[in-house]
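Below is one structure, written out as structure tokens; comments come after it.
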Amino acid sequence: MELPFAESYKIKMVEPLRKSTREEREEWIKAARYNLFNLKSEQVFIDLLTDSGTGAMSDRQWSQMMLGDESYAGASSYYKLKEAIRKITGFEYFLPTHQGRAAENVLFSALVKEGDLVPGNAHFDTTKGHIEFRKATAIDCTIDEAYDTTLEHPFKGNVDLNKLEKVFKENPAEKIPFIVLTITCNTAGGQPVSMQNIKDVHALAKKYGIKVLFDSARFAENAYFIKIREEGYRDKSIKEIVREMFQYADMMTMSSKKDAIVNMGGFIGMRDEELFRKASTFNIMFEGFITYGGMSGRDMNALAQGLDEGTEFDYLETRIKQVAYLGQRLRDFDIPVQVPFGGHAIFVNARKFLPHVPKEEFQAQTLAVELYLESGVRGVEIGTLLADRDPVTRENRFPELELLRLTIPRRVYTNNHMEYIAVALKNVYERREKITNGLKIVSEAPIMRHFTVELEKMD
Ligand code: F0G
């Protein structure tokens, strides 16, 4: 008999979880104004809000914490991280930042100005936020296949080269500071970008004299999919694939809280010394001196170690297979989920799940609330609330996909937890006909409203 798949690690430290009753949850979610970000973590049984900063560090990472050098300038931890980044990504210049959006803030301060256009594959919301905040425009050039959740396509994060070339052709290069390629593409459902597409985007950008930026939060998961799905990569190591991917980027921003498996941290990688100098000034203003930029020495040490572990095949296989396990269980129950399954999360198609709730009443948020009430599982809306209002017309933007994201933290939960989540969602699915009323907004912020929005149940 073939041996079954098993995790590539064992558990050394545990954290207790508390179950709650439905009555308690009803009270808590009402007090939280139907915004799951407002719940206290002890009110949550299984937390699938995000895979960002929620992973479990390894014994090796924790041991690196003890070796951190907390010198203000020139700490050995900085040099350790610099060397790890150079080895894994190939970037010679780097700036540490406290997380991914801080890297965006620093880099975009140096590169993006009013009236600019920034094409990309479904920009993440903070990326888009930092572009729009500077009165520039993000242009989505993702392939159309990405928006059909039932279509099997190995690389739904790919850029449509025709859409991209149109932007390059119709606008002067001075107005396009870079194209941003998000690997994997979170907004499109944790979907990977193929090496071929990476190469093609790079070639097209170079033809028009445009820089290429990788938003690299989940670059290792992207490399795993290239290894598994793309011809010619099966025998290459993840580290080899990663090095090849980054050859096609001029710069990278990184939220280390994802694929580098640390609880806090980020960085910018660059090749150009002049850009590095320009960005350094903003780093000093916003983050901290260039050899720590918002991170303590111990955190830089853990990050250096995490970059190495996060690009190991056995770890990635365990990780991606757990996400797929949840996806398959939901599929077994006929629940409408996006296929192929993403790297970091399973995305439930809320429009199909709750067809009786009008789209103006936030279907995915309604589903997230129902799942929480059913089970104490906290997912996150990736839909109309997240899509925000149009900055000019102030009208709600209804995105192509209205999704509930079940985001799996790294090395944290077991497959029994996955089973619990699947059954919880099945129970909601069975009573979906009875869910006809959604939510309405009581108050919202002018930008990135989903974090703080307050909602009320429709009668
Ligand atoms: N880019 C991508 C693709 C992301 O997914 C995120 C964060 C960021 C940039 C920003 O990084 O949080 O470190 O400032 N995504 C988290 C999520 C928040 O839940 O998907 P950050």
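The values are calculated or read from the model by the stated rules, or taken from the named source; none is laboratory data. Just so it is clear, the structure is predicted and the values come from calculations on it, not from any experiment. Positions of Cβ are backbone-derived with ideal geometry, glycine not excepted, and every protein chain shown enters the neighbour counts.
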Query raised in the report: Hey, does region 55-77 have a residue that's within 29 Å of LEU385 (Cα to Cα) and either free of Cβ contacts under 8 Å to residues at least 60 places away in the same chain or touching a Lys or Arg at 6+ places or on another chain (Cβ under 7 Å) (or both)?
Result: yes
Report task. Considering only residues that are away from the ligand (no atom under 16 Å from the Cβ) and among the acidic types (Asp, Glu), look in region 207-240 and name the one that is nearest to PHE276 (Cα to Cα). Result -> GLU240
**Report entry** Among (1) part of a helix (DSSP H, G or I); (2) at pLDDT 95 or above; (3) under 19 Å from the mean Cα position of the chain (by Cα) - the single one LYS128 does not satisfy
**Finding:** (2)
Query raised in the report: If you check ASP160 against the conditions, is it under 19 Å from LEU403 (Cβ atoms) and of a type in the set (Asp, Glu)?
Result: no
Report summary line: For region 88-104, the count of residues that are within 9 Å of the ligand (Cβ to nearest atom), over 20 Å from GLN305 (Cβ atoms) and surrounded by fewer than 24 Cβ atoms within 10 Å (Cβ to Cβ) equals 1
Report summary line: Expected output for region 406-428 (first residue at positive phi and outside any helix (DSSP H, G or I), partner of a type outside the set (Ser, Thr, Tyr) and surrounded by 23 or more Cβ atoms within 10 Å (Cβ to Cβ), Cβ below 8 Å, 6+ apart or cross-chain) is ARG411/GLY55; ARG411/ILE261; ARG411/ARG319
Report task. Look at region 299-353 and say how many of its residues are under 22 Å from ALA217 (Cβ atoms) and assigned to a helix (DSSP H, G or I). Result -> 25
Query raised in the report: Of the conditions (1) outside any loop (DSSP other than H, G, I, E, B); (2) modelled with pLDDT of 95 or more; (3) out of contact with any Phe, Trp or Tyr (no Cβ under 6 Å at 6 or more places or on another chain), VAL357 fails just one. Which one is it?
Result: (1)
Requested in this report: Determine, yes or no, whether TYR224 is hydroxyl-bearing (Ser, Thr, Tyr) and assigned to a helix (DSSP H, G or I).
Outcome: yes
Query raised in the report: Within region 176-206, how many residues turn out to be of a type in the set (Ser, Thr, Tyr) and either away from the ligand (no atom under 12 Å from the Cβ) or out of contact with any Pro (no Cβ under 9 Å at 6 or more places or on another chain) (or both)?
Result: 2
Requested in this report: Evaluate the following for LEU406: is it among the aliphatic types (A, V, I, L, M), within 16 Å of the ligand (Cβ to nearest atom) and at pLDDT 95 or above?
Outcome: yes
Query raised in the report: How many residues are assigned to a helix (DSSP H, G or I) and within 14 Å of the ligand (Cβ to nearest atom) if we restrict to region 241-255?
Result: 0
**Report entry** Residues located in region 25-53, provided they are crowded, with 16+ Cβ neighbours inside 10 Å, over 27 Å from SER256 (Cβ atoms) and either charged (D, E, K, R) or within 16 Å of the ligand (Cβ to nearest atom) (or both)
**Finding:** ARG25, ARG33
Report summary line: Given the conditions (1) touching a Leu at 6+ places or on another chain (Cβ under 9 Å); (2) within 16 Å of the ligand (Cβ to nearest atom); (3) in the same structural domain as LYS82 (by TED's automatic domain parsing); (4) not aliphatic (A, V, I, L, M), every one holds for GLY294 apart from (1)
Query - Residue match in region 228-237 (condition: surrounded by fewer than 23 Cβ atoms within 10 Å (Cβ to Cβ), closer than 23 Å to ASP299 by Cβ and in contact (Cβ under 8 Å) with a residue 24 or more places away in the chain) - result: no
